[in-house]
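K.L.:
Attaching a single structure in structure tokens format; questions to follow.
The values are calculated or read from the model by the stated rules, or taken from the named source; none is laboratory data. This one's a predicted model, so the numbers in the text were calculated from it and none came from an experiment. Virtual Cβ from ideal backbone geometry, glycine too; neighbours counted across all protein chains shown. Ligands, DNA and RNA are stripped out before the accessible areas are found, and what is left, the full protein with its side chains, is counted by its heavy atoms. Shrake-Rupley method; radii C 1.70, N 1.55, O 1.52, S 1.80 Å.
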Amino acid sequence: MRRWIWAAPAICALGLTAAHAAQTLGSLYKGQTAKDAGIVLGGWGSGSAKEVSDEVLNGARSLYVTTDGYYSGGRIDFTQPVDLSRSATLGGVAIRFDIKSPSAVSSSDDGGLSPGGGFFFQAMPGMPPGMGGPPRAGAYNPVAGSTEEAGVAIPTKRLRVVVFSGATEYVAVDQTVDPQDVTNGWIHVRVPLAAFKGSGGTPANWDGFKLSRLLVMGDAVDGFYLGQIDLIQTDLSISDVSAGDDQEIYEGDTADFVGGAANAAGLKFSWDFDATDGIQEDAIGRHVTFRYRKAGNYVATLTVSDPTGVMKPVSKTTGVKVNG
């Protein structure tokens, strides 16, 4: 197979997890004991939240949250409500949750072996599909078909977060748990304040809002560690989108596409491989492949969108020349 790609793939990949630098405005929880953090833990529905010490991010504790669907999860009550009204006026403010799946605890520093040994977390060359466990963070999975960069496997794909100020309640739904946005097994989930809505989908009014209760729920029957909760300020715009440089391949060859965005965490990467039949969604992922079976000049389109609808989607194109 012969092909020319006018961009080094390793350089393109650097843009996958790059994000605008976030300024931490304050911590709602940072690994203290519940007493020192000024919080009281409990459950919502059939879910729960409890203090544990077997896996921590900072400090000596973390919270272990169990969920049983979108209406069951962990409850965190603040003995001294936190004033969010001032932070909300800054713009671009989000609540960042650092979560970790128990399945990632013993696989982050094991040299690629599962806890029991003998099974690879990353499939090795020549290994048939289905062998090995879930890929390690950041590893390329060569048996995944139309692929993207592999991340930490976690059953929970979306969070539902509810904030209370007394009787006032705002909800942020379908907040993406992006397994690519991960550090040492801890996934960073950013929930913009702009994503919270009131009854009937009305925008949240943060004037005088003092956070007294926080609910964290997931879309699966699952349990995960919650190591830290921060208030951060980021650039809430999709920028520096790239679909990669033009490629030249031969008929029947597979083209590799690597997308990037400066604020990639939690975003959706949708690809259309041939603009002549209209822009459609042919594949999803930051790193995907497509086999061109006919010679010609093609335009591939990457659309990066925000599943929460807070940021406007951005599209970029790249060319593929297929020689006969």
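K.L.:
Could you calculate the contour length gain from GLU169 to VAL299, that is, 0.36 nm times the residue separation minus the distance between their Cα atoms, to one decimal place in nm?
P.N.:
Difference between extended and current length: 42.2 nm.
K.L.:
Work out how much length LEU90 to ASN323 would gain on full extension: take 0.36 nm times their residue separation and subtract the Cα-Cα distance, in nm to one decimal.
P.N.:
78.6 nm
K.L.:
Still on this structure: Which of the lysines could a cross-linker span from LYS321 if the Cα-Cα distance has to be under 27 Å and same-chain partners fewer than 8 positions apart are dropped?
P.N.:
Leaving aside lysines fewer than 8 places away in the same chain, those within reach of LYS321 are LYS268, LYS294.
K.L.:
Can you give me the long-range amide H partners of GLY252? Hydrogens built in the peptide plane at 1.01 Å from N, cutoff under 5 Å, separation of 5 or more residues or another chain.
P.N.:
Residues meeting the amide H criterion: TYR292, ARG293, LYS294.
K.L.:
Quick one: if you stick a label point 7 Å off each Cα along the C-beta vector at ARG158 and ASN205, how many nm between them?
P.N.:
Output for this residue pair reads 2.8 nm.
K.L.:
At 20 °C and 1.002 mPa s, grab the translational diffusion coefficient of segment 176-324 from Stokes-Einstein with a Kirkwood Rh over Cα pairs, rounded to a whole number in µm² per second.
P.N.:
The diffusion coefficient I find is 119 µm²/s.
K.L.:
Leaving ligands, DNA and RNA out of it, rank ILE76, ILE284 by accessible area with a 1.4 Å probe, largest first.
P.N.:
ILE284, ILE76
K.L.:
Once ligands and nucleic acids are excluded and a 1.4 Å probe is used, how much of PHE78 is accessible, expressed in Å² to the nearest 10?
P.N.:
20
K.L.:
Would you mind checking LYS100/LYS157; LYS35/LYS210; LYS30/LYS50; LYS210/LYS312 for any pair whose Cα atoms are more than 18 angstrom apart?
P.N.:
From the list (LYS100/LYS157; LYS35/LYS210; LYS30/LYS50; LYS210/LYS312), the Cα-Cα distance tops 18 Å for LYS35/LYS210; LYS210/LYS312.
K.L.:
Where does the charge balance sit around GLY296 when Lys and Arg score +1, Asp and Glu -1, over other residues with C-beta under 11 Å from its C-beta?
P.N.:
+1
K.L.:
Grab the other residues whose beta carbon is less than 9 angstrom from that of ILE229, score K and R as +1, D and E as -1, and report the net.
P.N.:
Neighbourhood net charge equals 0.
K.L.:
OK, next. Can you list residues whose amide H is under 5 Å from ASP282's amide H, if they're 5+ apart or on another chain and H is modeled 1.01 Å from N?
P.N.:
TRP271, ASP272, PHE273
K.L.:
Long-range amide H contacts for LEU25: which residues qualify at under 5 Å (H placed 1.01 Å from N, peptide plane, sequence gap of 5 or more or a different chain)?
P.N.:
LEU231, ILE232, GLN233
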